[in-house]
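Below is one structure, written out as C-alpha cells, with a few remarks after it.
The values are calculated or read from the model by the stated rules, or taken from the named source; none is laboratory data. These numbers were taken from a predicted model, which means no experiment stands behind them. Every residue, glycine among them, receives a Cβ derived from its backbone with ideal geometry; neighbour counts consider all protein chains shown. Note: accessible area is taken over every heavy atom of the protein model, side chains too, but ligands, DNA and RNA are not part of it. Shrake-Rupley method; radii C 1.70, N 1.55, O 1.52, S 1.80 Å.
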Amino acid sequence: MLGTDFRVGSPNWIDLGSPDIDRAFAFYSAVFGWQFVSRGPEAGGYGFLQKDGGTVGALGKTMDEDARSAWMVYFRSDDVRATRDQVVAGGGTVRVEPMDVRGEGWLAQFTDPQGAEFAVWQPGRTTGLERTSEDNTLVWVELHVPDPEAAIAFYRGLFGWRSLEMDAPGMTYRVVSVADGDQEDASFGGVAPLQEGQRDARWVPYFAVADADAVTAAVGANGGQVLMPPADVPDVGRIAWLTDPAGAVFAVLKPNPRQGG
C-alpha cells in the first residue's frame, strides 16, 4: 500500500478542483472529518485538506467554468521538464506546462494517450502527502482505460513502473509498483479495463475507511451519489465508488487485514 517514502512514480499528491470550495469542504468534512487550511487569497483559495494536522490532499477552485470537478493524482518526478518531454514523446499531451510553485516544488499536468488526466510533482520544500494508508487518507490509485497494456507501456516509459497481472471478477487486473524494492510492498495502484457503462478514461483515488457502508451512507446524506454500492472483493476488502455533490469521482476501501505481518 501507499506510504510517504515517495520514490519516482509514486503517487505523492492529490487535489480536488471544485466550482465551490466551501461546499466541497463541507462535504468532505462530513464524510471523512477533514480540516481545511487555506493558503490565502494569493493562492486563489487553494488550501490543504488535513487529518489530525497532517496533509491528506488539497482543494482549489476550478479555473475554467466548463471544467468538470475532479480529483487529480500527482506522481513524483525528479525532473518535471524531462517528464514533460517523455509524455509528449509517448503520445500524451500537456495541459499545464512545468511551473515553479513558490519554492514548494514544480508541477505539470498532462493527459495520457487514452484521455486520462494526471499530474507530476517534483518536490521542493513540500515533498508530498503527510498521511496515507490509514483511515480517511489515500491508500490506492486506479486507472481505468480502454487498453490497459498500452497504458502500462506509456507510464513505464515515464516512471519505470512494474506490473503484475491478477485475476479479478470479470477482468484481468494489473497491479502497478515503482521500479525498485519488493514488488508487493512497492505497489500503490492498479490498471483496469473500462467496464460496462464507463465512457471516460480516468484516475480514481481510493481512500481507506473503517466502515465502507457507513461512509457510503454519509455520502448520500450529504449530497453525493453512489456509483457502485459497497461490495466485497476477494483478498482485497470492501469497496464502493462514489461522487461528491459536484460529481468528482472517488472510491473508498476497507482493506482486508494483511496476513503474516
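Brief remarks on what is shown
- Within segment 125-146, no residue satisfies the criterion of being under 13 Å from the mean Cα position of the chain (by Cα) and without any contact (Cβ under 8 Å) to a residue 60 or more places away in the chain.
- Test: residue in segment 56-64 that is in a strand (DSSP E or B), among the aliphatic types (A, V, I, L, M), touching a helix residue (DSSP H, G or I) at 6+ places or on another chain (Cβ under 9 Å) and under 19 Å from PHE110 (Cα atoms): yes
- Test result for ARG76, of a type in the set (D, E, K, R) and modelled with pLDDT under 95: no
- Within segment 16-51, the set of residues being modelled with pLDDT under 90 and among the small types (Gly, Ala, Ser) comprises SER38, GLY40, ALA43, GLY44, GLY45.
- Within this structure, ALA240 fails the test of being modelled with pLDDT of 95 or more, surrounded by 14 or more Cβ atoms within 10 Å (Cβ to Cβ), under 14 Å from the mean Cα position of the chain (by Cα) and of a type outside the set (Lys, Arg).
- Cβ-Cβ under 7 Å pairs, at least 6 apart or on other chains, segment 186-202 side of a type in the set (Phe, Trp, Tyr), far side modelled with pLDDT under 95 and assigned to a loop (DSSP other than H, G, I, E, B): PHE188/LEU2
Here is a yes/no grid of residues against (1) in contact with a helix residue (DSSP H, G or I) (Cβ under 8 Å, 6 or more places away or on another chain); (2) in contact (Cβ under 8 Å) with a residue 60 or more places away in the chain:
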{"residue": "THR93", "(1), (2)": "yes, no"}
{"residue": "PRO123", "(1), (2)": "no, yes"}
{"residue": "PHE154", "(1), (2)": "no, yes"}
{"residue": "VAL175", "(1), (2)": "no, no"}
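- In segment 212-224 there is no residue matching the filter, namely being open to solvent by 70 Å² or more (accessible area, probe 1.4 Å) and at pLDDT below 95.
- Checklist (1) at positive phi; (2) open to solvent by 10 Å² or more (accessible area, probe 1.4 Å) applied to GLN183, failing item: (1)
- Restricting the first member to segment 203-224 and to residues that are over 12 Å from ILE239 (Cα atoms), and the second to residues that are among the small types (Gly, Ala, Ser), the beta-carbon pairs closer than 6 Å and six or more apart or on different chains are TRP203/ALA116; VAL204/ALA251; ASN222/ALA30.
Conditions tested, residue by residue: (1) touching a Gly at 6+ places or on another chain (Cβ under 8 Å); (2) farther than 26 Å from PRO255 by Cα.
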{"site": "GLY124", "(1), (2)": "yes, yes"}
{"site": "VAL141", "(1), (2)": "yes, no"}
{"site": "HIS144", "(1), (2)": "no, no"}
{"site": "ILE152", "(1), (2)": "no, no"}
{"site": "VAL175", "(1), (2)": "yes, no"}
{"site": "SER187", "(1), (2)": "no, no"}
{"site": "TRP203", "(1), (2)": "no, no"}
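- Subset of segment 77-99 [within 19 Å of the chain's Cα centre (by Cα) and open to solvent by less than 60 Å² (accessible area, probe 1.4 Å)]: SER77, VAL80, THR83, VAL87, GLY92, VAL94, VAL96
- Exactly one residue out of ARG68, ARG102 is part of a loop (DSSP other than H, G, I, E, B), at pLDDT below 95 and farther than 23 Å from GLY247 by Cα, and it is ARG102.
Rundown of residues vs (1) in a strand (DSSP E or B); (2) open to solvent by 30 Å² or more (accessible area, probe 1.4 Å); (3) modelled with pLDDT of 95 or more; (4) closer than 22 Å to LEU2 by Cα, yes/no style:
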residue	(1), (2), (3), (4)
PRO113	no, yes, yes, no
LEU129	no, no, yes, yes
SER133	no, yes, yes, yes
ALA153	no, yes, yes, yes
ARG156	no, yes, yes, yes
GLY197	no, yes, no, no
ASP200	no, yes, no, no
